[in-house]
Amino acid sequence: PDYVPEHNKEASEAYDHFLISAEPLSLEAACSLVKSDAAGAVSSFEGTTRNTFNGKRVLRLEYEAYEPMAKKEWYGIVQEARSKYHLLSTVMHHRVGEVPVGKTSVIIAASSAHRADAINAVHFMIDSLKVRLPIWKKELLDDGSAMWKQNEHIDISVHK
Amino acid sequence: PDYVPEHNKEASEAYDHFLISAEPLSLEAACSLVKSDAAGAVSSFEGTTRNTFNGKRVLRLEYEAYEPMAKKEWYGIVQEARSKYHLLSTVMHHRVGEVPVGKTSVIIAASSAHRADAINAVHFMIDSLKVRLPIWKKELLDDGSAMWKQNEHIDISVHK
Amino acid sequence: MVSVKVLYFASARDAAKNLEYETVTLSEDTGPRMTSVVDAITRRHPGLAAVLQTAAFSHNQVYCSGDDLEDIQVKDGDEIGIIPPVSGG
Amino acid sequence: MVSVKVLYFASARDAAKNLEYETVTLSEDTGPRMTSVVDAITRRHPGLAAVLQTAAFSHNQVYCSGDDLEDIQVKDGDEIGIIPPVSGG
């Protein structure tokens with residue numbers, strides 16, 4: 001099998017980046033954080049605000065986070081991802097406050113020597129985020145209504 | 001279930017973007033092509049040149065493509081992806097010629113209303129590319145040796 | 001006397017007079033449990049009862065399940081979060 | 001007389017005097033098959049024999065498997081690719 005660079009099984013703020021911010025998120029910036037000459041693969045996921053829900057027009061989303069606890073849960077997610085996948089570096093960035101239609105609310109990225117690790121880790125991390133991170137979004141529709149959303153049931157155990 | 005925007009089951013150059021180019025590739029540009037207000041998810045994969053192979057230092061890769069056939073195979077891959085996943089838009093960009101260490105040789109991106117479609121489609125498309133697209137890379141090492149690479153066996157049937 | 005800080009998020013905050021957090025002081029003789037905190041805030045904010053049917057809880061920023069509330073002892077200065085179903089991403 | 005264009009890629013081109021492509025003219029009486037093309041290029045470039053053990057072929061830009069070469073008829077102007085194991089990505 002091909003040579004695989006050393007990596008850390010422990011989550012670390014040196015290689016694993018977490019950010020909750022009211023500023024716009026940048027995919028380019030997130031991917032730059034995980035790229036390295038030892039990485040053959042960079043996988044990423046970007047969640048954006050859709051313009052419709054049940055056929056109604058969405059004006060914007062508003063996110064809030066329980067930040068210190070979110071950071072602890074992020075750390076647990078990264079530890080678990082590193083126990084499952086051979087990862088070089090990861091990113092989890094979440095925006096809070098208003099996120100207009102078409103804009104990015106979340107970015108996940110991961111790098112690895114071989115592609116399956118990065119791709120599967122990103123999938124695991126976004127599914128885990130949706131289950132565990134104490135973050136909430138309120139959806140504001142153009143009919144003046146607003147409601148707190150609730151993520152669908154997600155089965156994290158499907159991630160081998 | 002949530003409202004899902006209309007999409008096309010047929011591959012189309014209006015929504016599905018293919019490029020083989022000797023110029024550097026841009027993830028930001030690729031993702032811009034697939035983003036839309038109807039998309040809730042944008043997933044991407046970037047393959048980059050690693051600096052080592054079996055412990056030896058890699059100087060660069062050189063890619064060549066059988067372009068018209070690669071385009072036909074790309075079209076087949078996108079048709080298959082659209083039959084499996086509910087996709088809005090896709091990108092497959094491949095660089096040819098010299099690709100230095102750390103630089104990007106391939107970008108896959110896909111957008112969808114819900115995240116699993118985009119993530120799984122990107123995984124399927126990069127695996128399919130590696131199996132089917134008539135593209136070859138030669139690896140040049142710092143000991144002066146050069147060899148044509150060969151992708152590992154990939155089981156495309158695992159993609160549900 | 002044990003004082004804890006209770007944080008309200010999302011629909012829980014809507015039901016708790018829009019408070020981000022408040023201090024709850026418990027006067028139990030024996031060491032108070034998470035259930036005492038839940039009882040106290042439900043008395044203060046009756047509208048919370050509906051929210052708590054689907055909410056989770058955190059104790060010092062760690063999730064605890066509804067089944068364990070009776071077993072978890074709270075100490076002075078603890079931070080307790082009312083966590084409605086999350087919707088990040 | 002049937003002339004086809006044969007394209008060589010990667011290790012196949014290395015084994016075929018670095019030619020990107022060449023024209024191969026077949027003079028069979030009955031309609032020539034892919035196998036005739038393979039025989040002709042192997043005679044021209046003996047070094048190709050080793051490459052062809054693991055190569056695939058394309059006929060007018062569509063893959064054909066080694067087992068079918070006997071059945072695929074080639075016509076004047078056809079484009080045939082010698083496709084060593086691919087390594088894109």
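The values are calculated or read from the model by the stated rules, or taken from the named source; none is laboratory data. What you see is a predicted model, and the numbers here were worked out from it, not measured in a lab. Here the Cβ positions follow ideal geometry from the backbone for every residue, glycine too, while neighbour counts run over all protein chains shown. SASA here: full protein model, heavy atoms, side chains in, ligands and nucleic acids out. Shrake-Rupley method; radii C 1.70, N 1.55, O 1.52, S 1.80 Å.
Observations on the model:
- Neighbours by Cβ (under 8 Å, 6+ apart or cross-chain): first from segment A:18-38, more than 22 Å from B:L33 (Cβ to Cβ) and within 12 Å of chain B (Cβ to nearest Cβ); second modelled with pLDDT of 95 or more and part of a helix (DSSP H, G or I): none
- Extreme residue, farthest from the chain's Cα centre (by Cα), among residues of segment B:97-122 that are β-branched (V, I, T) and part of a helix (DSSP H, G or I): B:I119
- Restricting attention to segment C:61-89, the residues that are under 13 Å from A:P134 (Cβ atoms) and either assigned to a loop (DSSP other than H, G, I, E, B) or without any contact (Cβ under 8 Å) to a residue 24 or more places away in the chain (or both) total 9.
- Checking each residue in segment A:56-76 for being in a strand (DSSP E or B) and within 11 Å of chain C (Cβ to nearest Cβ) picks out A:L61, A:E62, A:Y63, A:E64, A:A65.
- Selected residue [under 10 Å from the mean Cα position of the chain (by Cα) and open to solvent by 70 Å² or more (accessible area, probe 1.4 Å)] from C:K5, C:K17: C:K5
- Meets criteria (open to solvent by 10 Å² or more (accessible area, probe 1.4 Å) and among the β-branched types (V, I, T)) for B:V101: yes
- Residues within segment B:128-160 that are outside any loop (DSSP other than H, G, I, E, B), among the polar types (S, T, N, Q) and over 22 Å from D:G81 (Cβ atoms), tallied: 1
- Reported count of residues in segment B:24-39, each being part of a helix (DSSP H, G or I), open to solvent by 30 Å² or more (accessible area, probe 1.4 Å) and under 11 Å from B:H93 (Cβ atoms), is 2.
- Note on segment C:30-67: among residues that are under 13 Å from the mean Cα position of the chain (by Cα) and of a type in the set (D, E, K, R), the one that is surrounded by the most Cβ atoms within 10 Å (Cβ to Cβ) is C:R33.
- Of the criteria (1) open to solvent by 50 Å² or more (accessible area, probe 1.4 Å); (2) in contact with an Asp or Glu (Cβ under 8 Å, 6 or more places away or on another chain), which one B:L87 fails: (1)
- Number of the exception - B:V158 against (1) buried (at least 20 other Cβ atoms within 10 Å of the Cβ); (2) away from chain D (no Cβ under 14 Å): (1)
- Meets criteria (more than 13 Å from the chain's Cα centre (by Cα) and open to solvent by 30 Å² or more (accessible area, probe 1.4 Å)) for D:S27: yes
- Look at segment D:23-50: where a residue is farther than 21 Å from D:S65 by Cα and modelled with pLDDT of 95 or more and a partner is open to solvent by 30 Å² or more (accessible area, probe 1.4 Å) and polar (S, T, N, Q), sitting 6+ places away or on another chain with Cβ atoms under 7 Å, you get D:T23/D:S3; D:T25/D:S3.
- Residue satisfying condition, being more than 9 Å from chain D (Cβ to nearest Cβ), in contact (Cβ under 8 Å) with a residue 60 or more places away in the chain and surrounded by 23 or more Cβ atoms within 10 Å (Cβ to Cβ), within set B:I135, B:I126, B:I119: B:I119
- Taken over segment A:138-151, the criterion of being open to solvent by 60 Å² or more (accessible area, probe 1.4 Å) and within 7 Å of chain C (Cβ to nearest Cβ) is satisfied by A:Q150 alone.
- Hits in segment B:45-55 - residues which are open to solvent by 20 Å² or more (accessible area, probe 1.4 Å) and either part of a strand (DSSP E or B) or without any contact (Cβ under 8 Å) to a residue 12 or more places away in the chain (or both): B:T52, B:F53, B:N54, B:G55
- All told, A:V42 falls short of being within 14 Å of chain C (Cβ to nearest Cβ) and either surrounded by fewer than 16 Cβ atoms within 10 Å (Cβ to Cβ) or in a strand (DSSP E or B) (or both).
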